[in-house]
Amino acid sequence: MSISGGKMSLISQNAQKCRLEKSGADDGNDEGIVSPVAMDGEVGKGTKLKNHNKEKKRRRTKVSEAQQNKEEEEIRQLESSLFGALYAPLEFGTEVGGAVAAPDKDAPLFFTDRSAADGVDDLPIYEEDLAHDEEEDEVVIKGRKPVWIDEEEDKTEVDIAKVARLRKLRKEADEHLISGKEYEARLRGQHAKLNPFTGWADMDRKTSIPGASDGESDDEGGVDDILQNNDELVVKDTVKLLPGMLEFSRLVDANIQDPSSGPINSVQFHRNGQLMLAAGLDRHLRFFQIDGKRNPKIQSIFIGDCPVLKASFLPDGSEVILSGRRKFFYSFDLVKAAVCKIGPLTGREEKSLESFEISPDSRTIAFVGNEGYILLISAKTKQLIGTLKMNGSVRSLAFADGGNQLLSSGGDGHVYHWDLGTRKCIHKAMDDGSLAGISLCTSRDSSLFATGSTSGIVNVYKRDDFLGGKRKPLKTIENLTTDVGEMKFNHDAQILAVTSRKERNGMRLVHVPSFSVFQNWPGPRFSLHYPRCLDFSPGSGFLSVGHAGGKVLLYKLHHYQNA
């Protein structure tokens, strides 16, 4: 078989040679006489050449794809090293045969490389002490042994000159490859440069315990230091709010996902600063999660027989009390999601329980009653536990001293202080310049209280001075000309918000330390409509305002960082 194959190959070659010679001799003949055996040889050779070209092209494509995949893999590894394992577990680069030697312990922490760009631009270089012992048992970082050591770090290399955002990690302008350990250390140094160190988070920090002698020390570290003393864990913000201009921004409406079809009469933040209620004359109680962007609705409850005039969380956050111009009121349990109707109250003839206040200790609910009576209801049993009687009619209430005292004002123009332990009036004095008090509020620490009257006058008092006999208010605010509506201090009593329902844009924010009104509130671009209620979030980061149009406006106060 091999012999005949060889003969055919020779015959084909001779035939082709003869054809070429004959064609050249004729000098004009396009075709020559070729034997069938020669034709078969030509076809076989053409097929082989074509297959060879295809194979060569396939190999080139394969090499190109492999190169592209390698480049993509390198980019992914670098991204994973910088921003976390986006595609695969964290890797530093391609393995190499030998381990990288540890850097010099005496190397400087940083220096400025001026070799690049002829010294025109300074290239900041960040470096960290990379000294590591060769044995794992001897590796110590700041006196603490690592839980796990990646053995592959000594076998990897990273090209920091290839990616633009990694070039700032170079020590030299022409530096390219560094080891995995050194790459990690330089990233940590860069992070430490951009994010200053927080001492309280250092578990190895040694701090002296208050009252301990100089020789005593805590061997367990900073955590036990915190647990063994009663110092404040959070340093209070000492930056004071400045008067004049208030930094704020308007956010998406708090109830944008479900606006009310009637006026909003109550808005309040939950103690967690994220949940907010809104209620009004459309007989709905709505809950929203406040994030300042979407403010999704959590739940809506319809109260068919009671247009809501006031709704409020218990300070412990477990229930919502809501009432209207009815002889009964409702309680909504947030845990059980159950609505309970309470009333009419035994022995009382009040036809309306629309106005009330809840004590800061969540123990007592005080309702405004008829003919100067104040009704005290147990927040736990919802039963009447006592009454207080003042001269004239009762118009407003406010708790003080953590719920142990109650302030009231009304038609006789006086401010009453009640001791809820003895149920007796401990102080009574005239509100300066007031004919009828219709609004009261106290600061969170009960050091200040404010009164509002039908003429739009707001008086701010220091409570201890008022109880001591000083009748002159700290400041009289005359920026409103109609009945004062709701008033409220923010959590640190640097802002006092006052509203008037009868005046368009009838809301003012007062800088309490200087007793001056913020000039840029609410601003020419924003309209408050006819504000009816307001509330600050627990950290004063948010301010919500409900108005007669059924919307709850939401503002961010930039001076305060926490909601």
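Let's see how each residue does on (1) aromatic (Phe, Trp, Tyr); (2) open to solvent by 10 Å² or more (accessible area, probe 1.4 Å); (3) out of contact with any Cys (no Cβ under 8 Å at 6 or more places or on another chain):
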{"site": "ILE264", "(1), (2), (3)": "no, no, no"}
{"site": "HIS270", "(1), (2), (3)": "no, yes, yes"}
{"site": "LEU277", "(1), (2), (3)": "no, no, yes"}
{"site": "ARG283", "(1), (2), (3)": "no, yes, no"}
{"site": "ARG286", "(1), (2), (3)": "no, yes, yes"}
{"site": "ASN295", "(1), (2), (3)": "no, no, yes"}
{"site": "PHE302", "(1), (2), (3)": "yes, yes, yes"}
- Taking the stretch 353-397 and keeping only residues that are surrounded by fewer than 18 Cβ atoms within 10 Å (Cβ to Cβ) and not in a loop (DSSP other than H, G, I, E, B), one is left with TYR373, SER378, LEU384, ILE385, GLY386, THR387, LYS389
- Message: With the requirement that a residue be free of Cβ contacts under 8 Å to residues at least 24 places away in the same chain, assigned to a strand (DSSP E or B) and of a type in the set (Gly, Ala, Ser), what does the stretch 327-352 give you?
- Response: ALA338
- Out of (1) open to solvent by 50 Å² or more (accessible area, probe 1.4 Å); (2) under 27 Å from the mean Cα position of the chain (by Cα); (3) modelled with pLDDT under 95, the one TRP521 does not meet is (1)
- With the condition kept exactly as written, say whether any residue in the stretch 488-509 is within 17 Å of LEU397 (Cα to Cα), of a type outside the set (A, V, I, L, M, F, W, C) and open to solvent by 20 Å² or more (accessible area, probe 1.4 Å). yes
- Query: Quick check: anything in the stretch 413-431 open to solvent by 20 Å² or more (accessible area, probe 1.4 Å) and under 20 Å from GLU478 (Cα atoms)?
  - Reply: yes
- Item | Matching residues, the stretch 245-262, being open to solvent by 70 Å² or more (accessible area, probe 1.4 Å) and closer than 19 Å to SER540 by Cβ | MET245, GLU247, ARG250
- Query: Which is under 27 Å from LEU474 (Cα atoms), at pLDDT below 95 and among the polar types (S, T, N, Q), of SER408, SER443, SER434?
  - Reply: SER434
- Note on the structure: When the stretch 154-188 is checked residue by residue, the ones that are over 36 Å from the mean Cα position of the chain (by Cα), closer than 15 Å to GLN77 by Cα and open to solvent by less than 70 Å² (accessible area, probe 1.4 Å) are THR156, GLU157, ASP159, ALA161, ILE178, SER179
- Query: Within the stretch 443-496, which strands (runs of 3 or more DSSP E) (wholly inside it) include 1 or more residues that are among the small types (Gly, Ala, Ser) and in contact (Cβ under 8 Å) with a residue 40 or more places away in the chain?
  - Reply: 448-453
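The values are calculated or read from the model by the stated rules, or taken from the named source; none is laboratory data. All figures in this text were calculated on a predicted structure; none of them were measured in a lab. Glycine gets a Cβ as well: all are built from the backbone with ideal geometry, and neighbour counts include every protein chain shown. Protein only, heavy atoms only, side chains kept; ligands, DNA and RNA dropped before computing areas. Shrake-Rupley method; radii C 1.70, N 1.55, O 1.52, S 1.80 Å.
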